[in-house]
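Beneath this line is the structure, given in C-alpha coordinates, with notes to follow.
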Amino acid sequence: QVQLVESGGGLVQPGGSLRLSCAASGSRFRIAVMDWYRQAPGKQRELVASIIPGGNTNYADAVKGRFTISRDNAKNTVYLQMNSLKPEDTAVYFCHAFYLGSHYWGQGTQVTVSS
(Lines give C-alpha, C1' and ligand atoms only; values in the text may rest on other atoms or scores of the structure.)
Protein backbone atom coordinates (compact mmCIF):
# COMPACT_ATOMS: atom_id res chain seq x y z
CA GLN A 1 0.00 0.00 0.00
CA VAL A 2 1.19 3.51 -0.83
CA GLN A 3 0.42 6.62 1.14
CA LEU A 4 0.83 10.15 -0.21
CA VAL A 5 0.95 13.12 2.13
CA GLU A 6 0.82 16.65 0.73
CA SER A 7 1.99 19.80 2.47
CA GLY A 8 2.78 23.40 1.68
CA GLY A 9 -0.61 24.84 0.83
CA GLY A 10 -1.91 28.11 2.24
CA LEU A 11 -3.04 31.63 1.52
CA VAL A 12 -0.93 33.78 -0.79
CA GLN A 13 -1.41 37.09 -2.55
CA PRO A 14 -1.64 37.29 -6.33
CA GLY A 15 1.84 37.21 -7.83
CA GLY A 16 3.20 35.24 -4.90
CA SER A 17 4.76 31.79 -4.72
CA LEU A 18 4.18 28.53 -2.90
CA ARG A 19 5.90 25.16 -2.99
CA LEU A 20 3.87 22.03 -2.48
CA SER A 21 5.45 18.78 -1.35
CA CYS A 22 4.15 15.23 -1.58
CA ALA A 23 5.88 12.57 0.47
CA ALA A 24 5.29 8.98 -0.63
CA SER A 25 5.68 5.80 1.36
CA GLY A 26 6.93 2.60 -0.18
CA SER A 27 10.03 1.47 -2.03
CA ARG A 28 8.73 1.80 -5.60
CA PHE A 29 8.55 5.59 -5.76
CA ARG A 30 11.29 5.88 -8.33
CA ILE A 31 9.26 3.94 -10.92
CA ALA A 32 6.03 5.84 -10.37
CA VAL A 33 4.51 8.46 -12.63
CA MET A 34 3.75 11.34 -10.28
CA ASP A 35 1.22 14.08 -10.93
CA TRP A 36 -0.36 17.08 -9.35
CA TYR A 37 -4.07 17.66 -9.89
CA ARG A 38 -6.29 20.43 -8.63
CA GLN A 39 -9.99 20.89 -8.06
CA ALA A 40 -11.67 24.26 -7.68
CA PRO A 41 -15.14 24.62 -6.15
CA GLY A 42 -17.81 23.54 -8.60
CA LYS A 43 -15.26 22.31 -11.15
CA GLN A 44 -13.87 18.98 -12.19
CA ARG A 45 -10.49 17.82 -11.02
CA GLU A 46 -7.85 18.71 -13.60
CA LEU A 47 -4.29 17.64 -14.27
CA VAL A 48 -1.75 20.35 -13.50
CA ALA A 49 1.63 18.71 -14.03
CA SER A 50 3.23 15.29 -14.45
CA ILE A 51 6.71 13.85 -14.08
CA ILE A 52 7.74 10.39 -15.23
CA PRO A 53 10.49 8.25 -13.69
CA GLY A 54 13.01 9.47 -16.26
CA GLY A 55 12.33 13.07 -15.30
CA ASN A 56 10.39 14.28 -18.33
CA THR A 57 7.61 16.68 -17.40
CA ASN A 58 4.31 17.85 -18.80
CA TYR A 59 2.15 20.83 -17.83
CA ALA A 60 -1.34 22.11 -18.35
CA ASP A 61 -1.42 25.16 -20.60
CA ALA A 62 -2.80 27.28 -17.76
CA VAL A 63 0.34 26.82 -15.65
CA LYS A 64 3.13 26.56 -18.24
CA GLY A 65 5.95 28.94 -17.46
CA ARG A 66 4.72 29.49 -13.89
CA PHE A 67 4.73 26.05 -12.24
CA THR A 68 7.56 23.53 -12.03
CA ILE A 69 7.21 19.90 -11.02
CA SER A 70 10.25 18.01 -9.74
CA ARG A 71 11.06 14.86 -7.82
CA ASP A 72 13.67 13.70 -5.37
CA ASN A 73 13.81 9.90 -5.52
CA ALA A 74 16.16 9.73 -2.54
CA LYS A 75 13.49 11.41 -0.42
CA ASN A 76 10.46 9.78 -2.07
CA THR A 77 9.10 13.27 -2.62
CA VAL A 78 7.60 15.21 -5.49
CA TYR A 79 7.34 18.99 -5.49
CA LEU A 80 5.28 21.63 -7.24
CA GLN A 81 6.86 25.07 -7.29
CA MET A 82 4.16 27.61 -8.08
CA ASN A 83 5.16 31.14 -9.05
CA SER A 84 3.20 34.16 -10.27
CA LEU A 85 0.09 32.76 -8.67
CA LYS A 86 -3.29 33.99 -9.84
CA PRO A 87 -6.71 33.94 -8.15
CA GLU A 88 -7.79 31.29 -10.65
CA ASP A 89 -5.13 28.96 -9.24
CA THR A 90 -7.21 28.70 -6.07
CA ALA A 91 -8.10 25.04 -5.56
CA VAL A 92 -7.41 21.94 -3.55
CA TYR A 93 -4.24 20.40 -4.93
CA PHE A 94 -3.89 16.62 -4.94
CA CYS A 95 -0.84 14.46 -5.36
CA HIS A 96 -1.33 11.35 -7.50
CA ALA A 97 0.88 8.35 -8.18
CA PHE A 98 0.50 5.62 -10.76
CA TYR A 99 2.58 2.47 -10.83
CA LEU A 100 2.18 -1.25 -11.17
CA GLY A 101 -1.30 -0.65 -12.55
CA SER A 102 -2.64 1.14 -9.48
CA HIS A 103 -3.62 4.72 -8.70
CA TYR A 104 -2.93 6.42 -5.40
CA TRP A 105 -4.14 9.81 -4.14
CA GLY A 106 -3.19 12.12 -1.34
CA GLN A 107 -5.71 13.89 0.85
CA GLY A 108 -5.22 17.27 -0.82
CA THR A 109 -3.92 20.63 0.32
CA GLN A 110 -5.75 23.94 -0.07
CA VAL A 111 -4.17 26.75 -2.05
CA THR A 112 -5.92 30.11 -1.90
CA VAL A 113 -4.73 33.07 -3.96
CA SER A 114 -6.36 36.26 -2.78
CA SER A 115 -5.54 39.80 -1.78
Which value, in Å², gives the accessible area per residue of the range 50-110 when a 1.4 Å probe is used on the protein heavy atoms?
-> 49
Which value in nm describes the separation of the simple spin-label points at N58 and S25, placed 7 Å from the Cα toward the beta carbon?
-> 2.9
Normalised per residue, the volume inside the convex hull of the alpha-carbon atoms of the range 55-100 in Å³ amounts to 103
Cleavage-rule hits, trypsin sites (Lys or Arg not before Pro), the range 24-115, DSSP coil, Cβ neighbours within 10 Å at most 11 | K43, K64
When the chain is treated as a Gaussian network with springs between alpha carbons less than 10 Å apart, the largest mean-square fluctuation among G42, G15, G26 is found at G42
So the carbon and sulfur contribution to the accessible area of the range 44-115, 1.4 Å probe, in percent, is 47
Distance in nm between pseudo-label sites at L100 and Q3 (7 Å out along the Cβ direction from Cα) = 1.7
Roughly speaking, what is the centre-to-centre gap between the range 73-98 and the range 1-22 when only Cα atoms are used, to the nearest Å?
-> 6
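The values are calculated or read from the model by the stated rules, or taken from the named source; none is laboratory data. Only a predicted model underlies this, so the values are computations on that prediction, with no experimental measurement involved. No Cβ is skipped: glycine too gets one built from the backbone with ideal geometry, and neighbour counts run over all protein chains shown. Side chains included, ligands, DNA and RNA excluded: accessible areas come from the protein's heavy atoms. Shrake-Rupley method; radii C 1.70, N 1.55, O 1.52, S 1.80 Å.
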